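The values are calculated or read from the model by the stated rules, or taken from the named source; none is laboratory data. What you are looking at is a predicted structure, and each value in this text was computed from that prediction instead of being measured. Note: ideal-geometry Cβ built from the backbone for every residue, glycine included; neighbour counts use all protein chains shown. All accessible areas refer to the heavy atoms of the entire protein, side chains included, with ligands and DNA or RNA removed. Shrake-Rupley method; radii C 1.70, N 1.55, O 1.52, S 1.80 Å.
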Amino acid sequence: MTEQIDGWLDALSEWLSEGQREKLAALLREVLPFVPDSESAQVHFLRLAEASGNPHWFLAYLLDDPATLEGLLIVLGGSGFAARTLTLHPEYLELLTHQARLAQPKGLTGFRRELEAALQPFRSPAGKWNAMRRFRRRETIRLITADLLGRMDLMEVMHELSDLAEAILQMSVTLLPLDQSVRILVVAFGKLGARELNYSSDIDLAFFHDGETLAAERWARQFLQALTEVTEFGRLYRVDLRLRPYGATGPLSLSLDAAFGYYESVADPSERLALLKARAVAGDEYLARRFEQFRHAFVFGSPLTPEEFAWLLRMKARSEATFATDGAVKYGLGGIRDVEMTVQFLQLAFASRFPDLAVRDTLTALEHLHRYGLLTDEERRVLEEGYRFLRRLEHMLQIAEDLPLQALPTDEREMVRLARCMGLQDAKELQIAFQHHTQKVRQVYERVTSELGRTLDLSGLTIASVAVAMGVEMDEDTLRKFGFVQPLKAQKRLHWLVHGEATRLLSWRERVNLMRVLPLVLHALSRTPVPDKALARLEMLVSALGPRYAVLNSLSGNPKSLHALALLAGLSEPLCQLAVRHPEQLEGLLAGTTNLSTDVKDEVESVVKEAMRRGKERERWEAIANGLRRIKGRTALSLGFAHLCRLADGEKVGRQLVQLADAVVGVGLTVLRQLHPFPSSLAVLALGGWGSGELHFGSDLDVAFGHEGNQSLSEQLVRQLRALLGDLTEEGIAYRLDLRLRPTGQEGALSSDVAAWETFAGERFEAWMALAWTRLRFAVGDKKLGNSIVNIVHRRLYGQGLAKEHWDELRRLVERIGREHRPQGGVLDVKHSEGALWDIDLAVAETQLKLGRKDERLQTSSPRTALRALVAHNPLWQEVLDAYGQLREWRLWLSWIAPDQPPRFVKGDEAEGLLAWLDCNSDPLNQETIVPVEDALERWRQRWQEVTAKGILAGTLKEEMDDDEL
């Protein structure tokens, strides 16, 4: 202390007499312990003495008025901004000589009266604006002085700062001429709206008008320019317009009716929260009354909903993630915003029940919340003490240099200044006090928001849905609980699912609806085998069905349809592609208005009729080809949807796929005859899976042809049919016709007449034909011709039978096929593994060839029908029939999953997981608990062993069956 005093005396020695030195030393000994920064005070005091023009007189004057000297030193050491201003305007020192006046608030009326007097001498607009800037500067110094000297408490300072700003805004409106075609309203948000303004706050404003929009916009720009222009007298205020409707991208001024429409339709809860503090501060009184009536009803008319609360919590969390640094006074954990949000959340939740809560300022709201028991005594005390401490701390930060500082400084000297301004001894004591208040406030904030969440029945799902709707990060564990392996990607996809390439702002009601459907979406996705993939495809499906909001909103009213859509997305990429191509079909399936009929006659006739109107033959051809592919695609989509959702079993769906192929090929043949009349008759004979009535999705059609008439014309017709169905067009392909099983072989004629069929059934008969022909049936075309060929085949197979050399050749053929196609270890093949479909098909075919002549029921192209006939002779065949049905089911499921891949996979492949999941979840749309892939795999592998063991039994039973048993 002695060194500090000596430093002062030495610095002022040239202006002090000996007596004055002693008097000043005594005064400094009493005052310096209360000066926030004595070094800064000394520097500014010297400058002020020099600026006075007569330092001797200046010092003598202050020594004769110790109270003024004490106040001056505290101000000079507490605010560099005030010190520099006093140096520029020594006349402001008179504020310190009448300290009793500092304790007297002027209020809005007093400010307006003095402001009018200050502007009255000036005639030019520039003169008036500069006078107003000087007035604002002087009054700011007055308030800083009153604050540092303890002449006003926190509430009084905030009210005075707010009233000063309001008076200036009102005067500014009068200084700017307004077009008679428009009425204007200036609304303050945030701290100015609640009369809680800081020293260096931006003022949050919005402009509303009634009348001509362009005139209002021009006026608003002039108003902003006048407020924010920096001159030698400083500026009036920094202005923040981001809280206006539509934010930073919105118009400067919006008609009041348009603003009401915006708030009622588009505004999110954060804008409702912002309106809580909004207040009309200048402009037209009629517009102000309308605004206040709307604001009160909009903010306090209905209680806070769970979705709104979740939205606000996410906004708060996002703000914390950005701004909550160590020492952050406003946005830090336990900072000013925690107090304000605690209060405002409770206001929004309960003001509709307790009207007294509909107030703007925080301290009054705290009092009312406590009165109604919404805050305990301790919670109110913690929040009020914390708020007063932090707001005053914020003030003391900002008066240093008139900057909007909101965090504790890292400089030790500045921390000491701040502590002294707060009435504390040093930086350590300030840090302890800051931590004490912020920790206590944060505890109350977390406790109150948690209790309010329970009161509002706020779920973790709602919080997650809000995060998706906002496009902010959400808790990864929440998504993992729904089975997502890549939660970050899932979050992005969920946001894209909801918003896509947004072309318009969704209303808050629409966003709430989306938030309410998102938990249903997540639940539906969790009931799929691989939620990550299901989500990626679900977005594609929703986009195809129409506007995302409308689709999701519709699905929210039909959870089963949503589950079905998610299931489709989770299981089959090919069906999803068909759904995107045919969204109307998918929409009908989800609505339950599309049946599974494969009777496409009416559709085909419509396509052909429309195509035949085309002028050019090529155009007619393309129209018919694409039409057939669309019909096939739509119908296949329906069948796949039903099968994967377990709405239809594999036997029925496989039969319907066969009927679909019959219909499309038959129509194709008929259309070709219409386009190019042929003199020949043609019969299409189905073989393989098509002939056996067991098609799967993506199957080629094994086919042979028979004709009567010209060989060349018949083969031409076959080629045209293959092209019509199998050429790639913009709609894909319908069917590839595989003629490798025709009796003439791969290099022979494409079609054979009846005589040729007789020859092949006679002297040119080969063993491989026996296997192939057991699955031959007439499909489409000339029925009489087709049946005659079928009869030729049956006479050969079941009448004449096979000679020993044919049986020997057949066994060698079977052994060769087994060697070539039997999978290696670790590979499962639904068709060629031991005991799988091929083994059962062979056993059944051989038994048919052996015993068919004695039992006509075995003279069928359907292995399933033949197996049912065999059960009548030996009940053990029932096990083979069951295995065959299960293997066919698996084969059909695999075809929806990957139609272009053979039905084989290495253990652990995704295909095995999907197959196991489908097998273990027999009613995925309705069963309460879904078996996950990991558990399903273990069960399914056991099932595979059991099913293929039954398939192996077919070979044993085949050997035991002979003529004598019949």
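Using the Cα centre of the chain as the reference point, and only Cβ charges (+1 on K/R, -1 on D/E), how large is the resulting charge dipole? Debye, rounded to the nearest 20.
Working: 118 positive and 135 negative charges, 470 e Å.
That gives the chain a dipole magnitude of about 2260 debye.
Using unit Cβ charges (K, R positive; D, E negative) and no other charged atoms, how large, in debye to the nearest 20, is the dipole of the stretch 631-670 about its Cα centre? Walk me through the numbers on the way to the answer.
On the way: 5 positive and 3 negative charges, 24 e Å.
It works out to roughly 120 debye.
Can you figure out the FRET efficiency of SER319 with ALA60, using R₀ = 41 Å and their beta-carbon distance, to the nearest 0.05? Mind showing how you got there, number by number?
Values: r = 54 Å, r/R0 = 1.33.
The formula returns an efficiency of 0.15 here.
Of all the accessible heavy-atom surface of the stretch 303-344, with the other protein chains kept in place and a 1.4 Å probe, what percent is carbon and sulfur? Intermediate values should be presented prior to the final figure.
Working: 810 of 1450 Å².
Carbon and sulfur atoms account for 56 percent of the accessible area of the stretch 303-344.
Please give the net charge around ARG195, taking every other residue with its beta carbon less than 12 angstrom from that of ARG195, where Lys and Arg add +1 and Asp and Glu add -1.
Surrounding charge for ARG195 is -2.
Going highest first, how would you order 743-756, 113-126, 688-701 by mean Cβ packing within 10 Å?
Values: 743-756: 16.2, 113-126: 12.6, 688-701: 23.0.
In descending order of packing, they fall as 688-701, 743-756, 113-126.
Taking a temperature of 4 °C and a viscosity of 1.567 mPa s, what whole-number D in µm²/s does Stokes-Einstein yield for the stretch 451-530 with Rh from Kirkwood over alpha carbon pairs?
Working: Rh = 13.2 Å.
D, rounded to a whole number, is 98 µm²/s.
Largest first and in whole Å, give the semi-axes of the stretch 223-275's equivalent ellipsoid, each being the square root of 5 times a Cα gyration tensor eigenvalue. Working shown, then result.
Values: eigenvalues 160, 27, 12 Å².
The answer is 28, 12, 8 Å, longest axis first.
Report the normalised scattering of the stretch 737-801 as log10 I(q)/I(0) at q = 0.22, 0.29 Å⁻¹, calculated by the Debye formula with identical scatterers on the alpha carbons.
Each listed q corresponds, in turn, to -0.98, -1.67.
With angles folded into 0 to 90 degrees, how steeply does helix 617-644 sit against the dominant principal axis of the chain? Use alpha carbons for both and round to 10.
Approximately 80 degrees, to the nearest ten.
Once you order the gyration tensor axes a ≥ b ≥ c over the Cα atoms, which shape class does the stretch 801-910 get: rounded for a/c under 1.5, otherwise prolate or oblate by comparing a/b with b/c? Kindly include the intermediate steps, with their values, before the conclusion.
Working: a/c = 2.48, a/b = 1.47, b/c = 1.68.
Oblate, since a/c reaches 1.5 and b/c is not below a/b.
Counting only residues 5 or more places away or on other chains, whose amide H sits under 5 Å from the amide H of GLY283 once H atoms are built in the peptide plane?
VAL186
What list of ³J(HN,Hα) couplings, whole Hz, do you get for the stretch 317-334 from phi and the Karplus terms 6.51, -1.76, 1.60, once you set θ to phi - 60° and write x for glycine and proline?
Values per residue, Gly and Pro as x: 5, 5, 5, 4, 4, 8, 10, 7, 8, 4, x, 6, 7, 8, 9, x, 5, x Hz.
Just from its helices, what would the mean residue ellipticity at 222 nm be for the chain, if runs of 4 or more DSSP H residues each count -39500 (n - 2.57) and the sum is divided by every residue, rounded to the nearest 500 deg cm²/dmol? Show your work: numbers first, answer last.
Values: 45 runs with 615 residues, N = 966.
Taking each H run of at least 4 residues, the total per residue is -20500 deg cm²/dmol.
Divide, for the chain, the radius of gyration over alpha carbons by 2.2 N^0.38 Å, where N is the residue count.
1.47
Any of LYS106/LYS277; LYS316/LYS428; LYS277/LYS428; LYS23/LYS106; LYS330/LYS481; LYS316/LYS440 with alpha carbons more than 28 Å apart? Name them for me. Mind dumping the intermediate values first?
Numbers: LYS106/LYS277 23 Å; LYS316/LYS428 30 Å; LYS277/LYS428 36 Å; LYS23/LYS106 36 Å; LYS330/LYS481 35 Å; LYS316/LYS440 18 Å.
Correct reply: LYS316/LYS428; LYS277/LYS428; LYS23/LYS106; LYS330/LYS481.
I'd like the Karplus ³J(HN,Hα) series for the stretch 283-297: coefficients 6.51, -1.76, 1.60, θ = phi - 60°, whole numbers in Hz, and an x wherever there's a Gly or Pro.
Working through the residues one at a time gives x, 5, 5, 5, 5, 5, 5, 4, 4, 5, 4, 5, 4, 5, 5 Hz.
At 7 Å along the Cα-to-beta-carbon direction for both GLU938 and THR410, put a label point, then send me their distance in nm to one decimal.
Calculated label separation equals 5.5 nm.
Quick one: compute the contact order of the stretch 730-839, relative version, from alpha carbon pairs under 8 angstrom and 6+ residues apart, as a percent. Before the final figure, lay out the partial values.
Values: 55 pairs, mean separation 19.3, N = 110.
Contact order relative to length: 18 percent.
Sorting MET540, MET396 by accessible area (1.4 Å probe), largest first, what list results? Write down the numbers at each step before the final one.
On the way: MET540 60, MET396 0 Å².
Accessible-area ranking of MET540, MET396, largest first: MET540, MET396.
About its Cα centre, what dipole magnitude does the stretch 342-445 give when the only charges are +1 on Lys and Arg Cβ and -1 on Asp and Glu Cβ, stated in debye to the nearest 20? Present the calculation step by step, with values, prior to reporting the outcome.
Details: 14 positive and 16 negative charges, 48 e Å.
In total the dipole reaches around 240 debye.
Mind pulling the angle between the C-alpha long axis of helix 412-421 and the longest principal axis of the chain? Nearest 10 degrees, somewhere in 0 to 90.
Roughly 60 degrees, rounded to the nearest 10.
Just the number, please: percent antiparallel of the DSSP beta bridges in the chain, rounded to the nearest 5.
Values: 27 of 36 bridges.
Percent antiparallel among DSSP bridges in the chain is about 75.
Going by alpha carbons, how many degrees (0 to 90, nearest 10) lie between the helix axis of 427-455 and the longest principal axis of the chain?
That helix lies at roughly 40 degrees to the long axis.
When Lys and Arg each count +1 and Asp and Glu each count -1, what net charge do the other residues less than 9 Å away from ASP919, Cβ to Cβ, add up to? Walk me through the intermediate numbers first.
Values: positive: ARG939, ARG943; negative: GLU889.
Around ASP919, the charge tally is +1.
Whole-Hz Karplus ³J(HN,Hα) for the stretch 38-44, in order, using 6.51 cos²θ - 1.76 cosθ + 1.60 and θ = phi - 60°, x for Gly and Pro?
With the stated coefficients, the stretch 38-44 comes to 5, 5, 5, 4, 4, 4, 5 Hz.
Output the relative contact order of the chain, whole-number percent, from Cα pairs under 8 angstrom with separation of 6+ residues. Intermediate results must be reported in sequence, preceding the final value.
Details: 1421 pairs, mean separation 66.5, N = 966.
Relative contact order, the chain: 7 percent.
Got a sec? What order do SER572, SER319 fall in by accessible area at 1.4 Å, biggest, i.e. largest, first?
Details: SER572 0, SER319 30 Å².
So, going from the largest accessible area down, we get SER319, SER572.
Per residue, how much accessible area does the stretch 155-302 show when a 1.4 Å probe rolls over the protein heavy atoms, in square angstrom?
Working: 5410 Å² over 148 residues.
On a per-residue basis, the stretch 155-302 sits at 37 Å².
Name the long-range amide H neighbours of SER255: under 5 Å, sequence gap of 5 or more, or other chain; modelled H, no Pro or chain starts.
Amide H neighbours of SER255: HIS209.
Which far-off residues, 5 or more places away or on another chain, put their amide H under 5 Å from the one on ALA407, with H placed in the peptide plane?
It is VAL329, by chain and number.
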